[in-house]
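A.B. asks: Pasting a structure below so you can have a look.
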Amino acid sequence: MTELKANRHYKDRVFRMIFNSREKLLELYNAMNGTDYEKLFLYEQQSSKNGNMPLRCLFYVSDSYSRMVRFVKKAAPCASI
């Protein structure tokens, strides 16, 4: 007999395709938790002291700021000279 093995590599392609925008992800969160939030905020909690948390915070903030700048540039592109 051949032994059946479980597939340990989960495919999240469909989930990522559906919930790739913050709005859709927030809609899912609200549906699962019975809430009515209008904005999505990112928080991370550590159970023990971690020396690199300020650096991680900087990465999160810079990534968020970068996305915001790209969004603003798409919404109102500057006139080229």
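Coordinate-derived values only; no laboratory data. It should be emphasised that the depicted structure is a prediction, and the values quoted were computed from it without experimental measurement. Positions of Cβ are generated from backbone atoms using ideal geometry, with glycine treated the same way; all protein chains shown enter the neighbour counts.
A.B. asks: What do you get for the angle between helix 22-33 and the principal long axis of the chain? Use alpha-carbon atoms, 0 to 90 degrees, nearest ten.
C.D. replies: With rounding to tens, the tilt is 50 degrees.
A.B. asks: Follow-up question, since we're still on this one. I need SER62, SER47 ordered by Cβ neighbour count within 10 Å, fewest first.
C.D. replies: Starting with the residue having the fewest Cβ neighbours, the order is SER47, SER62.
A.B. asks: The chain: Rg/Rh from Cα coordinates, Kirkwood Rh?
C.D. replies: 1.14
A.B. asks: Quick check: the angle from helix 53-75's long axis to the longest principal axis of the chain, C-alpha only, nearest 10 degrees?
C.D. replies: Approximately 60 degrees, to the nearest 10.
A.B. asks: Provide the gained length on full extension for the span LYS73 to ASP36, in nm with one decimal, where the gain is 0.36 nm per separating residue minus the Cα-Cα distance.
C.D. replies: Result for the pair: 10.4 nm of gain on full extension.
A.B. asks: Same structure, new question: Excluding same-chain pairs closer than 8 in sequence, count the lysine pairs in the chain whose Cα atoms lie under 28 Å apart.
C.D. replies: Summing the qualifying lysine pairs gives 7.
A.B. asks: At 7 Å along Cα-to-Cβ for each site, give me the label-to-label distance between ASP63 and ILE18 in nm.
C.D. replies: 2.3 nm
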